[in-house]
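The values are calculated or read from the model by the stated rules, or taken from the named source; none is laboratory data. Every value quoted in this text rests on a predicted model; they were computed, and no experiment measured them. All Cβ positions, glycine included, derive from the backbone under ideal geometry; neighbour counts span all protein chains shown.
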């Protein structure tokens, strides 16, 4: 079984982008700067965006949130989604995304 990743910016200095999930299963997010944002997912190309619950990976502590407020690493399951994007971005300069694909 082959694995690959899709990397990209969901947000870059005022410009938001949508990344298609494809065969992706695991999304990891990290923001730069100080601020807040939410990550959304769509089930279909023209579907409604839904805010995704994100799990902060920090040592042996895992907390769930819908709003990212620091530059920690966050993860969530995106299997069966069409795409992901960042919304309500305030203060951050970039929001990076990596999607692991099978």
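The rows are residues; the columns are (1) without any contact (Cβ under 8 Å) to a residue 12 or more places away in the chain; (2) in contact with a strand residue (DSSP E or B) (Cβ under 7 Å, 6 or more places away or on another chain); (3) buried (at least 17 other Cβ atoms within 10 Å of the Cβ).
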site: 13; (1), (2), (3): no, yes, no
site: 32; (1), (2), (3): no, yes, no
site: 35; (1), (2), (3): no, yes, yes
site: 42; (1), (2), (3): no, yes, yes
site: 58; (1), (2), (3): no, no, no
site: 70; (1), (2), (3): no, no, no
site: 74; (1), (2), (3): no, yes, yes
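Filter region 23-60 down to the residues that are within 14 Å of the chain's Cα centre (by Cα) and not in a strand (DSSP E or B), then identify the one that is modelled with the lowest pLDDT. Going through the qualifying residues, I end up with 49.
Name every residue in region 93-102 that is more than 14 Å from residue 52 (Cα to Cα) and part of a strand (DSSP E or B), in order of residue number. Talk me through it step by step, then tell me what you get.
Our first condition is that a residue be more than 14 Å from residue 52 (Cα to Cα); within region 93-102, this holds for 93-96, 98-102.
Scanning region 93-102 gives 93, 94, 95, 96, 98, 99, 100, 101.
Scanning region 1-22 for residues that are part of a strand (DSSP E or B) and farther than 16 Å from residue 95 by Cβ yields a count of 3.
Residues 90, 63: which one is assigned to a strand (DSSP E or B) and in contact (Cβ under 8 Å) with a residue 24 or more places away in the chain?
Values: 63 fails: in contact (Cβ under 8 Å) with a residue 24 or more places away in the chain.
That would be 90, the only listed residue that is assigned to a strand (DSSP E or B) and in contact (Cβ under 8 Å) with a residue 24 or more places away in the chain.
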